[in-house]
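Structure first, then comments.
The values are calculated or read from the model by the stated rules, or taken from the named source; none is laboratory data. This one's a predicted model, so the numbers in the text were calculated from it and none came from an experiment. Cβ: placed from backbone, ideal geometry, glycine included. Neighbour counts: every protein chain shown.
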Amino acid sequence: SVPRHSRRWAVGIAACLLLAIAGLTGMQRLPVWTADYHTGVGQLQTLTLADGSRVTLNSATALDVMFTGSERRIKLQAGEALFETTDDSRPFVVQTAHETVQGRAATFSVRDNGEVVLAQGELRRAEQPLAVTRDASARMAWRRGKLIFNGKPLGQVLTELERYQHGRIVLSDPTLAALQVSGVFDLNEPQALLRTLEQRYGLEVTYLPWLAVVH
């Protein structure tokens, strides 16, 4: 007969596969290809807008640019973008499905889930000024091709890493999600992070088509 632990492992793999297929077929991570500008998975792109502001699109990001004589508006359809705005009399507005912020001579990033990171300058949400984010440099390190974690839970680390590669990364044991991970990782080689998990934290990674299982 098949040992009990082997059966549990097989069931875990099957469950992970179902989750992966559901995530892929949901098409939630694909950019909106009809947007003015978009990047594919693992790609970064920097643009200079008509007013001189610079925008860096993160992996799998899509946005529309709508400038008028009275307003500079960006509609972030998917992903994340970093903005370095010029000082202009027109407000610079970034809109997502969850959030709208307005900046002036500011450097900040916005995700499609509404997460905002302010490095410098003036930024407002619902007319309330936002404070500079304490760890802004680390959280914007993706612009430099890096991911920086300082005691971040493994579950969040894997979710972040998924944004930069095709396929899913799942945990066979949900209790591992709380394991704290620290380090600086190169986005040009995202699987190096998984190798570090094996070497530094004693984990194992099983690779399947479009799926990596951490256990």
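For the reader, a short list of remarks on this structure follows.
- Residue in segment 181-198 that is assigned by TED's automatic domain parsing to the domain that holds residue 82, acidic (Asp, Glu) and part of a strand (DSSP E or B) present: no
- Selection count where residues are within 12 Å of the chain's Cα centre (by Cα) and of a type in the set (A, V, I, L, M), scope segment 71-115: 4
- Selection from segment 199-215 of residues that are on the phi > 0 side of the Ramachandran plot and either under 20 Å from the mean Cα position of the chain (by Cα) or assigned to a helix (DSSP H, G or I) (or both): 210
- Residues located in segment 42-59, provided they are within 13 Å of residue 142 (Cα to Cα) and either in the same structural domain as residue 190 (by TED's automatic domain parsing) or surrounded by 14 or more Cβ atoms within 10 Å (Cβ to Cβ) (or both): 42, 43, 44, 45, 56, 57, 58, 59
- Scanning segment 161-176 for any residue that is part of a loop (DSSP other than H, G, I, E, B) and without any contact (Cβ under 8 Å) to a residue 24 or more places away in the chain turns up nothing.
- Qualifying residues in segment 188-215 (those that are of a type in the set (A, V, I, L, M) and in contact (Cβ under 8 Å) with a residue 60 or more places away in the chain) - the one surrounded by the fewest Cβ atoms within 10 Å (Cβ to Cβ): 208
- Which listed residue, of 109, 89, 70, is modelled with pLDDT of 95 or more, exposed (fewer than 14 other Cβ atoms within 10 Å of the Cβ) and not assigned by TED's automatic domain parsing to the domain that holds residue 193: 70
- Matching residues, segment 39-54, being part of a loop (DSSP other than H, G, I, E, B) and either at pLDDT 95 or above or under 13 Å from residue 187 (Cβ atoms) (or both): 39, 41, 42, 43, 44, 49, 50, 51, 52, 53
- For segment 55-158, the strands (runs of 3 or more DSSP E) that sit wholly inside it and include 1 or more residues that are on the phi < 0 side of the Ramachandran plot and of a type in the set (Phe, Trp, Tyr) are 62-67, 80-84, 92-95, 100-111, 146-153.
- For segment 35-73, the candidate set comprises residues that are of a type in the set (Val, Ile, Thr) and in contact with a strand residue (DSSP E or B) (Cβ under 9 Å, 6 or more places away or on another chain); within that set, the residue that is nearest to residue 83 (Cα to Cα) is 55.
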